[in-house]
Amino acid sequence: MTALTLTNVNKSFGTVEVLRDINIEVEDGEFVVFVGPSGCGKSTLLRVIAGLEDVTSGEVRIGGELMNLTPPSKRGIAMVFQSYALYPHLNVRKNMSLALKQEGQSKQVIEERVTKASRMLNLEPYIDRYPSELSGGQRQRVAIGRAIVREPKLFLFDEPLSNLDAALRMNTRIEIANLHQQLDASMIYVTHDQTEAMTLADKIVVLRDGRVEQVGSPMELYNNPANQFVAGFLGAPSMNFFPASVIGDSADTTLGIRPEDLYLTDEGPLTANVTHVEHLGGDTNVIAMMQDHQITARLFGQHQVNAGQAVQFGYAQDRTYRFDQLGARLG
Amino acid sequence: MNKARQNPLNTAAMHGALILYTLIALFPVFVIIINSFKTRRAIFREPLALPDAESFSLIGYQTVMKQGDFFLYFQNSLIVTVVSLAFVLLFGAMAAFALSEYRFKGNMIMGLYLALGIMIPIRIGTVAILEMMVATGLVNTLWALILVYTAQGLPLAVFILSEFMRQVSDDLKNAGRVDGLSEYTIFFRLVLPLVRPAMATVAVFNMIPIWNDLWFPLILAPAEETKTLTLGSQVFIGQFVTDWNAVLSALSMAILPVLVLYVIFSRQLIRGITSGAVK
């Protein structure tokens, strides 16, 4: 069964079209990530699914039921917000139980679910504290706990890690992945961070300007991007693009090579001047200018390369991507 | 703390300026209070002297207590002020919430219309208001005053509160919606506590003009049983003779409740917005 079906969803604010003709399916138990640059409409799309915004046209079905006019609390969803959005006047326990009380669940059920969720998220020591007495990471766990206790058909995450620092972000990312396995629920996760998208998703939906650019598993999108935008958006450092005229091909074609597919060689087809070197220990990122085009090479291991040095890069022919002038993939 | 800001010279200058301002602001109040405890002769001979054994007198307070129903006036003023403030805050906040939270046609126009009252003094409409009150039979009731003061306070309240409500996190309100809270619960339980400092500001701005107003009580509710304190105190001011003892005593007592209300609200003013809800 499908957890969520969006059919021809459009959304506009006044004359501004924010979402255009979105068609997406989320299977039961699937972890789907909406990813795109800021302003691409991904958060609006999430709010449409949650029922916080109405669609202008199209259908939103959750668990097969048409939900266009159903209020958020009746959609069988739970949402985790970027800013946590905990109720400041309630302690952790009450924050988590509020929605259940609103649903009219019995005290016993509430107690049971809150205990279970707080154990799952290691929130037991903080259960009687107020949000102002918790750290950022703890607050985010409470926000996740508030979603879990509702046992929803569909979880919605709106950039839940954006407010956390780097180390905590990685831990919480793993926690969310674990939760997905434990709960076996469908999840939709919105982020602008391609690393989160690649690591968490069963399926990625890449959005740009309110349109779906491509849908697929992380590796499908990585190995077989439909266009230049998707190719450039996924993968870090991002793919190098330069006109094919650099290697003596037609100037109308743009050539794309991932940084990790470039290697140092003495007789490479690409000659460049190193401008900057990033030594990361495990990898070395070499940023170089090739004529007027900046390219980045990600070399595995440690390399002695200095800024100002002229280097030559080689690449395997089958690891290149070609795009036409509009950015569509060729061949 | 920033080291540079703890420069003793700066601190001294800052405190000096504040102390000077406090003295200037409190001086009239101080003069009123000390003179209310003096004999009439002492008031005119040495207006700035503190009351001593010879000049001390409670004659003013005695006159006030004897003449007229001072406690009734007091009660009337308090009822009018508190009820008007409650209405201004409640309806102002509700209108502000609607304006800042919901997208509807004419939202902008409605906001401007509601704010227009800031620029137009309500006294211009006195004649029309009086006619309306006569027609509805509300003349000489406290309701007449309460309604007028509510109308007078609303524009500023809507204006200030809608600005503050825009700053309340959307995520918090949306979290409430996803959890199944009604719009009323979201308004009363989530949004209002977060704009409490703004509410206190509005309350303080509105409270003092209402308490001190002479115009509308004089026109709309001059009857003995609906007189407010300010109006009641006027009996001591005659065209030829003014009972200064009584006037000063009445004023001294009139300051008290405003002071109490101010202390209550200013605490809220200072208390920061509840932290921890959002980062």
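The values are calculated or read from the model by the stated rules, or taken from the named source; none is laboratory data. Since the structure is predicted, the reported quantities are computational estimates derived from the model, not experimental observations. A quick note on method: Cβ atoms are made from the backbone with ideal geometry, for glycine too, and the neighbour counts reach across all protein chains shown.
Observations
- Single unsatisfied condition, A:PHE241 versus (1) more than 22 Å from A:ASN224 (Cβ to Cβ); (2) touching a Gly at 6+ places or on another chain (Cβ under 6 Å); (3) of a type in the set (A, V, I, L, M, F, W, C): (1)
- Against the conditions (1) away from every other protein chain (no Cβ under 13 Å); (2) on the phi < 0 side of the Ramachandran plot; (3) surrounded by fewer than 22 Cβ atoms within 10 Å (Cβ to Cβ), A:GLY64 satisfies every one except (2).
- A:THR70 of a type in the set (Val, Ile, Thr), in a loop (DSSP other than H, G, I, E, B) and surrounded by fewer than 21 Cβ atoms within 10 Å (Cβ to Cβ): yes
- When A:VAL92, A:VAL80 are screened for being closer than 25 Å to A:PRO218 by Cα, crowded, with 16+ Cβ neighbours inside 10 Å and in the same structural domain as A:ALA201 (by TED's automatic domain parsing), only A:VAL80 passes.
- Among the residues of region A:149-162, those that are more than 10 Å from every other protein chain (Cβ to nearest Cβ) and either among the aliphatic types (A, V, I, L, M) or under 13 Å from B:VAL178 (Cα atoms) (or both) comprise A:VAL149, A:LEU154, A:PHE155, A:PHE157, A:LEU161.
- Out of A:SER250, A:SER217, one residue alone is closer than 21 Å to A:GLY331 by Cβ and surrounded by fewer than 17 Cβ atoms within 10 Å (Cβ to Cβ). It is A:SER250.
- Qualifying residue in region A:317-327 (condition: among the hydrophobic types (A, V, I, L, M, F, W, C), closer than 15 Å to A:LEU270 by Cβ and surrounded by 14 or more Cβ atoms within 10 Å (Cβ to Cβ)): no
- Note on region A:177-214: residues that are more than 28 Å from A:ALA147 (Cα to Cα) and either buried (at least 22 other Cβ atoms within 10 Å of the Cβ) or not assigned by TED's automatic domain parsing to the domain that holds A:ALA117 (or both) amount to 0.
Residues are listed down the side, and each one gets a yes or a no for (1) touching a residue at least 60 places away in the same chain (Cβ under 8 Å); (2) closer than 20 Å to B:PRO209 by Cβ; (3) among the charged types (D, E, K, R):
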residue	(1), (2), (3)
B:TYR21	no, no, no
B:PHE27	no, no, no
B:ILE32	yes, yes, no
B:ARG40	yes, no, yes
B:LYS66	no, no, yes
B:SER84	yes, yes, no
B:LEU90	no, yes, no
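- Only one of A:SER118, A:SER43 that is within 11 Å of chain B (Cβ to nearest Cβ) and modelled with pLDDT under 95: A:SER43
- Long-range neighbours under 8 Å by Cβ, at least six apart or interchain, first residue within 16 Å of B:PRO209 (Cβ to Cβ) within region B:243-261, second at pLDDT below 85 and assigned to a helix (DSSP H, G or I): B:ALA254/B:SER233
- Filtering region A:46-61 to residues that are within 11 Å of chain B (Cβ to nearest Cβ) and in contact with a helix residue (DSSP H, G or I) (Cβ under 9 Å, 6 or more places away or on another chain) leaves A:ARG47, A:ALA50, A:GLY51, A:LEU52, A:GLU53, A:ASP54.
- Only one of the listed residues (A:ARG173, A:ARG146) is away from every other protein chain (no Cβ under 13 Å), within 30 Å of A:THR2 (Cβ to Cβ) and part of a helix (DSSP H, G or I). That residue is A:ARG173.
- Single residue of region B:189-201 satisfying the filter (in contact (Cβ under 8 Å) with a residue 60 or more places away in the chain and more than 10 Å from chain A (Cβ to nearest Cβ)) that is nearest to A:ILE49 (Cα to Cα): B:VAL191
- Selected residue [within 11 Å of chain B (Cβ to nearest Cβ), among the hydrophobic types (A, V, I, L, M, F, W, C), under 30 Å from A:ASN10 (Cα atoms) and assigned to a helix (DSSP H, G or I)] from A:ALA78, A:ALA85, A:ALA99: A:ALA99
- Any hit, region A:123-140, residues being among the basic types (Lys, Arg) and either over 19 Å from A:SER83 (Cβ atoms) or crowded, with 21+ Cβ neighbours inside 10 Å (or both): yes
- When region A:225-257 is filtered for residues that are at positive phi and touching a Lys or Arg at 6+ places or on another chain (Cβ under 8 Å), only A:GLY235 remains.
- Answer residue from region A:121-143, given it is at the interface with another protein chain (Cβ under 9 Å from one of its Cβ atoms) and in contact (Cβ under 8 Å) with a residue 24 or more places away in the chain and is nearest to B:LEU181 (Cα to Cα) among those: A:ALA143
- Test result for A:LEU168, among the aliphatic types (A, V, I, L, M), under 25 Å from A:VAL92 (Cβ atoms), modelled with pLDDT under 95 and surrounded by 18 or more Cβ atoms within 10 Å (Cβ to Cβ): no
- Residue in region A:44-53 that is basic (Lys, Arg), in contact with a Leu (Cβ under 7 Å, 6 or more places away or on another chain) and crowded, with 17+ Cβ neighbours inside 10 Å present: no
- Some residue of region A:36-49 being among the hydroxyl-bearing types (Ser, Thr, Tyr), in contact (Cβ under 8 Å) with a residue 24 or more places away in the chain and in contact with a His (Cβ under 8 Å, 6 or more places away or on another chain): yes
- Counted as qualifying within region A:220-331 are the strands (runs of 3 or more DSSP E) with 3 or more residues that are without any contact (Cβ under 8 Å) to a residue 60 or more places away in the chain, namely A:240-243, A:270-279, A:283-290, A:293-300, A:310-314.
- Of all residues in region B:169-188, those being more than 7 Å from chain A (Cβ to nearest Cβ) and without any contact (Cβ under 8 Å) to a residue 60 or more places away in the chain number 8.
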